[in-house]
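Bear in mind these aren't lab numbers, they're just calculated from the coordinates by the rules spelled out. Because the structure is a prediction, the values reported are computed rather than measured. No Cβ is skipped: glycine too gets one built from the backbone with ideal geometry, and neighbour counts run over all protein chains shown.
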Amino acid sequence: MSLTRRQFLKVAGMAGVGAAIGGCGGAGAPLIATGPELGEAYDGPPVTISYWNGFTGGDGPAMRQLVADFNASQDRIRVEQNTVRWLQYYQRVIAAIHAGKGPDVGALHVEQLGTLAARQAVNPIEDVVGELGVGPDDYPEQVWAGGEYDGHRYGIPLDVHSLASYSNLDLLEQAGLDAPPATADELQQQLTALVDAGVPTPFWMPNMWPAHLMFLSLLWQFGGEPYAEDGSRATFDSDAGVEALEWMRRQIDEGFSPANVAIDSQYTAFKNGEGAFTWDGIWQINDLQTTAPDLRWGVAPVPQIGDQPAVWANSHQLVIFRSRAPDDNRLMAAKAFVKFLAEQSSAWSAAGMIPARNSAREEPEFTEAPQAPVAEAIPAMRFLPTLPGVPDVQVQTLEIAVNETILGLAEPRAALEGAAAQATALMQANLRKFER
Amino acid sequence: MSNTGLSSTTAAADAGSTTRAGGSPRVRPTERDSARREETRDAYLFLAPYLLLFVVFVIIPIGYGIWISLHNYDYSLPDKPFIGLANYTGLIDGSSPFAAAFWQSMRATWLFTVLSVPLLLIIPLAVALVMNHRFRGRNVFRALYFAPYVLGVAVVAVLWRYLLDTNIGLLTHYLGLLGLPDTIPWLTQLPWGWASLVGVTVWWTLGFNAVIYLAALQEISPELYEAARVDGATAWQRFRSVTLPGLRPVLLFVTSVTIIASVNMFGQSYLMTLGGPGTATRTAIYQIADTGLTNFNSGAASAMSMIFSFFLMLVSVVVFFLFRDRDATGGAR
């Protein structure tokens, strides 16, 4: 059936008006609301709630399973899951919430909580923590504290996940090595032994992801901090930062890594048996199991290169989003779902993550998982501060400086100082923006 | 439904009477005027749908963009204070924290355009000239040259990222087998990053320009070539005096479209080099998207867009005048 001209005009006209209204929309900000108290279980009318997360990798199937389990465990709430790549998650979830089409529940990174709170996207939930059946004693201290920003609680910890050191066990045996390195000297000796044993480039140094996570780990190990606590300036250009970056660059200068490693090549090389060590997130465990089934590998905490143990880590936290039109039933259902996920966190070990809840880390589901040895580093795990806008600032400054230095295009101190000055300018602009 | 049917019958009757009136020598001037008015009205009616879309999707967003650029605008914050031209002046005098990154991206865009446009004008022309000859398997070659253009930028970029990888890529592997340098950092260092981006873009999009050229070549009358041959013109002379003038009408189109496409380059550097090394291959669109969409600084990003559009318009005007001038003096058409 074809449209007549008149019909077409009508349709086009309506589309135009619709677009105009949509474009100018924006009345009504997302409101804070956590709904009436949730009793033992949700007993309201049947309701469907929407849950957004970014578990697109080896962690996806485990979360799908948890959602299916929840839907099967009761018959009043249906959770619909929407998985969005982390790269796009934050910009999309904020846009959706401000357009009145946001999800009810989300899982997201701890350092984004401050930004999302400032952008009116997440609900403060300190008053309903009791209803969710969790408390400070259930979690490692810094993980629980990470869910707070500016005197309010926004997140319930689901897991911690850190950088870890993966090793190729066949190559280590070939070089006569039997234990993963724990210090800079041990790493250096093992790398030399590997080179002598016919592995020319045992430790590929990335200049893009996860290079900045390696840098942050080392910066903390050398006693530095990336940002001032009040969000007023960047401090990653300290002597500690320079030392960290020099150490990374030295791995290339000493020949342990090829130069100009393209994005993800260090990981591909590790899977191909061209690299003996690679530092990457523990969430890669499932990927290694499925895409490199013949590789014999182990995973251990990142060695201590600097003066103190420290490693970059992050935590997925569960949040209840704000809405322009809060609905009591949906809010209660959201709380019931968050409560379920917090209770079931040992099953989340299947994602390659370390469950945040203390009791869950004693269950066999976790203690028998490959990532279990990394959990001993929990006291040394460090999070980025939850400051509004800092995640965005870091991408534009710190990551660029690390990239340029490792590529040999800049000297560590000069690159870090330039990037820190730029970061401070952006942070100052953010302070003005978020405080107004 | 019946309404529509009725009105279309009336329209047909109108059209009939108009023809009769126009054809009659005894028609009075007022009738001719009203016929002309009707024609004008019909023309506007036919243009209306597009005009409406143009207004809704181009004019209104431009106005909205200008309005945003005058504010410290972040749609997720309750307060969006009016700051006049501060977004523009900050970018122009360098006091905005986004200024350095923006101008760096403008330079990168300019460099990419200067490197890619000549290649995208000349190579497709050569391809089209060859394809215009009769030879066995010509259609297969035509399809082969056009094939990459069908692919999406994500496919092209990911494919080449693997092929061009310095340490694990196929290209360096085969270069090594041939005894050629196999440590060239195609994606991570300059100038190789630009060479890769330009090369991949040319490979990807030359089919489009080639098809346009080919269509134009087939429009050129064979008699002109025959006449030139009879006059003893060499192949080069035939190309200069018959082919090129014949292509002039489409050259304006091809040049403008190619420049606009190159200036708008985003996907290749976003996916192949990730803007690196550092931010050297970040293009203006990349930077604007990053500032406005990823980092929510819509005000600054809108100001960047306006400055960017200003330069693009400047270039378009220059191109337009270059070609128009030649037409006027040459008068070959």
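For region A:47-59, backbone phi angles converted through the Karplus equation (6.51, -1.76, 1.60; θ = phi - 60°) give residue-by-residue couplings of 8, 10, 10, 10, 10, 10, 8, x, 7, 9, x, x, 8 Hz, Gly and Pro being listed as x. Rounded, prolate or oblate: which fits region B:99-330, taking a ≥ b ≥ c as square roots of the Cα gyration tensor eigenvalues, rounded meaning a/c under 1.5, else prolate when a/b beats b/c? Oblate is the answer for region B:99-330, as a/c is 1.5 or above yet b/c matches or exceeds a/b.
As a proxy for reagent exposure, ranking A:Arg64, A:Arg119 by other Cβ atoms within 10 Å from fewest up yields A:Arg64, A:Arg119. Under 5 Å from the amide H of A:Tyr227 lie the amide H atoms of A:Thr235, each residue being 5 or more positions distant or on a separate chain, with H modelled from the backbone and absent for Pro and chain starts. For A:Arg78, the residues 5 or more places off, or on other chains, whose built amide H falls under 5 Å of its own are A:Val47, A:Thr48, A:Ile49. Within the listed set A:Pro309, A:Pro364, A:Pro181, the Gaussian network model of chain A (springs between alpha-carbon atoms below 10 Å) gives the highest mean-square fluctuation for A:Pro364. For region B:294-299, the Karplus equation 6.51 cos²θ - 1.76 cosθ + 1.60, evaluated at θ = phi - 60°, returns couplings of 7, 9, 6, 8, 4, x Hz by residue, with Gly and Pro reported as x. Under 5 Å between amide hydrogens, built in the peptide plane, is the criterion, and for A:Tyr139 it picks out A:Asn358 among residues at least 5 positions away or on other chains. All Cα-Cα separations within chain A were binned at 10 Å from zero, giving a P(r) of 4, 20, 28, 23, 15, 7, 2, 0, 0, each value a whole percent of the pairs.
The ranking of A:Asp239, A:Asp294, A:Asp59 by Cβ neighbour count inside 10 Å, starting from the fewest, reads A:Asp294, A:Asp239, A:Asp59.
Annotation for region A:271-294 versus region A:138-211: alpha-carbon center distance of 12 Å. Once you list every other residue whose beta carbon is under 14 Å from the beta carbon of A:Gly102, what net charge do they have if Lys and Arg are +1 and Asp and Glu are -1? Summing Lys and Arg as +1 and Asp and Glu as -1 gives +3. Can you pull the percent of Cα pairs in the protein assembly as shown with separation above 37 Å? Beyond 37 Å sits 54 percent of the P(r) for the protein assembly as shown. Across all directions, the average projected area of the convex hull around the alpha carbons of region B:232-301 is 7.4 nm². Overall, chain A carries a charge dipole of about 2680 debye about its Cα centre when +1 sits on the Cβ of Lys and Arg and -1 on the Cβ of Asp and Glu, all other atoms neutral. Measuring between alpha carbons in the structure, the pairs from A:Lys339/B:Lys80; A:Lys101/B:Lys80; A:Lys101/A:Lys339; A:Lys339/A:Lys433 lying more than 29 angstrom apart are A:Lys339/B:Lys80; A:Lys339/A:Lys433.
When both region A:320-393 and region B:88-120 are represented by their alpha-carbon centers, they are found 42 Å apart.
What does the charge count near A:Gln422 come to, summing +1 for each Lys or Arg and -1 for each Asp or Glu among other residues with Cβ under 13 Å from its Cβ? In short, -4. Sorting B:Trp236, A:Trp283 from the fewest to the most surrounding beta carbons within 10 angstrom yields B:Trp236, A:Trp283.
Whole-Hz Karplus values for region B:56-61 come out as 5, 9, 10, 5, 4, x Hz, taken residue by residue from phi with 6.51 cos²θ - 1.76 cosθ + 1.60 and θ = phi - 60°; glycine and proline positions read x.
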